[in-house]
1. Could you figure out which of (1) more than 44 Å from the chain's Cα centre (by Cα); (2) assigned to a loop (DSSP other than H, G, I, E, B) isn't true of residue 497?
2. Go through (1) assigned by TED's automatic domain parsing to the domain that holds residue 196; (2) surrounded by 22 or more Cβ atoms within 10 Å (Cβ to Cβ); (3) touching a residue at least 60 places away in the same chain (Cβ under 8 Å) and name the single condition residue 124 misses.
3. State whether one or more residues within segment 108-116 are more than 20 Å from residue 176 (Cα to Cα), touching a residue at least 40 places away in the same chain (Cβ under 8 Å) and not aliphatic (A, V, I, L, M).
4. Within the bounds of segment 371-384, is there any residue that is over 49 Å from the mean Cα position of the chain (by Cα) and part of a loop (DSSP other than H, G, I, E, B)?
5. Are there any helices (runs of 4 or more DSSP H) wholly within segment 577-686 with 2 or more residues that are modelled with pLDDT of 85 or more and among the β-branched types (Val, Ile, Thr), and if so which?
6. Would you confirm whether or not segment 134-145 contains a residue that is at pLDDT 95 or above and surrounded by fewer than 19 Cβ atoms within 10 Å (Cβ to Cβ)?
7. Check residue 775 against each of (1) under 51 Å from the mean Cα position of the chain (by Cα); (2) in a helix (DSSP H, G or I); (3) at pLDDT 90 or above; (4) aliphatic (A, V, I, L, M) and name the one condition it does not meet.
8. Do we find that residue 53 is in contact with a Phe, Trp or Tyr (Cβ under 7 Å, 6 or more places away or on another chain) and at pLDDT below 95 in this structure?
Amino acid sequence: MGDTSGADARRPPRGGAPTRAAALILAVLGVLLLLCGAGGASAAPDSGSGPGTGSDEGGAAPPVSQSVRLADALRADPVYVTDQLPRVVPRSTAPAFAALAKTTGVPTYVLVLPDHGGSGDALLGTVHDRLGRDGLYVEVDDMGVAAAKAFGVRAPADDARTIALYALPYDAGPLRSFRVFTEAIASGPARAAHRADQLEKKYGNTGREVAPDYIDSTDRANQSFLTGIALTCLPLSVLLIGWFLRARRHRTRARGAVGGGGAGGGAGGGGGAGVTLAKGGRPPGKPDGRSTRKGAQGAQGAKDGRGAEDRTVRGGRVRALLPESAAALLLVLGIVLLAPQLFDQTTDSAASPPTRADLTARVDRVAAGLRQGAVYTDPESPQVLDAARLAELRRKIAAFRTGPIRLAVVPQLPDDESAGESEAFVTAVHARLAADGGGAPGTDAGKGSGGLYVVADPLSGDIDVYDYGLPLDDLRLTLDLPMAIAYDRSDDASDDNHLGDRLDQLMAYIAKVPHAAADPSSGPDQPPEAVSAHKLPGLFHGDFFPGLFVGAFGAAVLVGLTAAGTGTGAALRRRAGRGPRRAAVAEPPSRASTAYLAQAARRETDALATRFAAAAPDAPHRDTAWDCLDTAMLLLGDHDGDGDGREGEGHDGDGRDAGARAAESAAATVLAQAGLAALAGRPYLHCCTVNPLHGAAATGGAATDAAGPSDRVPSARRAAARAGHRCDGCRAAAARGPDALDRRRLFLPGPHGSWRPYEEASGPLPTARDGIARLIAGTREYTHVQ
């Protein structure tokens, strides 16, 4: 042809201009023919009609392209929802998408597809070209609106997509994202542009985002664990720490609370019972005989009533624990009732629960495709195998004589019906194919439903092989499958993950796998489990129970820390110069129990006896200390014979009521305090009249005569004096008001759980208002009468 053309070119032309015009026309026609041929060749892969499985009778038909398949779907319905995302976008939600699409005011075409990793705008442009209709084209993936493009209509697609991106949390879901998108489209270009600009400034490059709406099962497990900890740690901490602090305060007061309130507390070192008094000569005017014998028995005799006191102590402690127990119970009820209100999430996703049809749609589609041919390629996904590669694979599959090979080029996604588990997917396809009777006659699909199932993911490039009944070594096909075949290990990036080359390598590898006994039960031949309705586990479930044990341990740790802290604080106060007895002393209570008063009387009297025995015969105020000790032991000695039993409610074994014994113990304590103060060189004539257990009065009126009875002083003067005999604490309380002073007044136990002022008690205690000398005289009169 080249020689002929050259010869013709050298010939002289015939006909002049017409000949040149004809040649030019022929040249233009030739170029057009070449262009048409090239266009037809390039369009061949996207052409064709049919199911898109690449399976004609001759096995040479190319697969239907992704854009053609999607354009055909939109031609039938302007909203297309994939069957590959039933866990987040079930196909049953298509009517909801369609209803929202109608609110935009322009023709809207919606594609709900898996994330294919490519350009959404490019896909929408190709689909628009194939469909040939103007309108708003929107692609939605498992996260929300992925791409939007307007063709021939006026719609703020970009601004609406920006609004849907930034105005919602990442877990809002595709349907809610599309709703916000359509609302932005319907609002108009100006308003959409303004809101998009605001959101982009707020969230665009700031790293900020809208807080998520949902939690997952891990978050619920953490909530359950925290609830369990709170349910045991908080109530037990209140109960145990309250018990510890009360016990510590009780021990502190029992060791010397009363002594700390007066002058004797710091002086007494705390003696023991059974101290032998060595009084160097009996001072004149002191009673002998009965008084001395009672003094020698005083410390030991007080022990005879301890049975009743122990019962009182136990009852008091039980009553003392009632506030902590009530608080702990309220905490338990509060946590049980409020925790479900605080952690009120019930679902882990915005997705609608899928129906059974949603979960089986893709399995049915793939099984139907494999029934018609040995190779099925997903028409919704990018086509990674061209016609030549498909033809070569079919040829190799047909040449394999051991049994059928079924190849499914289908994505395996976390949100599909099998949760991305290819084995569960193959199991469901195999079961469906078996129910349909296996491969259709007259096709290359093979007989029955058994054989080798190969799953190739066109998005990730992963390849999995499962054997259903062929006599092959299964380990060589699963665990020993070469990594270069199972995964794309190539260094050079490729859109198709070199899937065609690796499938060719797989076919060559399968041909070399040694035979073994057939295993018809290979793989779990069960359909995939139904998806739950995105419900979260209950709050009192799972990790809630380990949290209970951790909470109990935490309560024990808090109690230990409290004990360590209080002990360390006491030690630091002692080291700072405060006496060890003073650091541990608390102010005497205004409502003192019988047991408390008895313990205080024993300790203070024993302390006075010890100090008195150690004092020099000529020590100052020794006679005053002896008078106090002698009369205090008279009161304690009168408890001799008190048994554990009771003759009646509120009575001791000797018939005296508990209030009288409490008053005697209080009077003995006041006398012991005065004696300790006298030995320490700080004698006082009057104790605090608000609460005699407070010790010496800091202020007062005229003192009564220690040598004579107080009735020599007119009653008006005595009342005025008593009103002024107060300790420092009561003096400060009086300045705050009468209520503050009344809270410090001493009350003693009365009948049937009542309390009465100490001034109304029987015995010598009320005479303490008139001074220590009057209390000594009154005690001697009282004990001699008894």
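1. Among (1) more than 44 Å from the chain's Cα centre (by Cα); (2) assigned to a loop (DSSP other than H, G, I, E, B), residue 497 violates only (1).
2. Unmet for residue 124, out of (1) assigned by TED's automatic domain parsing to the domain that holds residue 196; (2) surrounded by 22 or more Cβ atoms within 10 Å (Cβ to Cβ); (3) touching a residue at least 60 places away in the same chain (Cβ under 8 Å): (3).
3. Scanning segment 108-116 turns up at least one residue that is more than 20 Å from residue 176 (Cα to Cα), touching a residue at least 40 places away in the same chain (Cβ under 8 Å) and not aliphatic (A, V, I, L, M).
4. Of the residues in segment 371-384, the ones over 49 Å from the mean Cα position of the chain (by Cα) are 371-375.
Next cut, part of a loop (DSSP other than H, G, I, E, B) only: 373-374.
Looking for residues that are over 49 Å from the mean Cα position of the chain (by Cα) and part of a loop (DSSP other than H, G, I, E, B), one finds at least one in segment 371-384, hence yes.
5. Details: elements: 580-583, 594-614, 622-637, 658-679.
Filter on segment 577-686 gives 594-614, 622-637, 658-679.
6. Yes, some residue in segment 134-145 is at pLDDT 95 or above and surrounded by fewer than 19 Cβ atoms within 10 Å (Cβ to Cβ).
7. (1) is the only condition that residue 775 fails.
8. On the way: in contact with a Phe, Trp or Tyr (Cβ under 7 Å, 6 or more places away or on another chain): yes; at pLDDT below 95: yes.
Yes: the conditions hold for residue 53.
The values are calculated or read from the model by the stated rules, or taken from the named source; none is laboratory data. These figures come from a predicted structure and were not determined experimentally. Cβ coordinates were reconstructed from backbone atoms using ideal geometry, including for glycine residues, and neighbour counts include every protein chain displayed.
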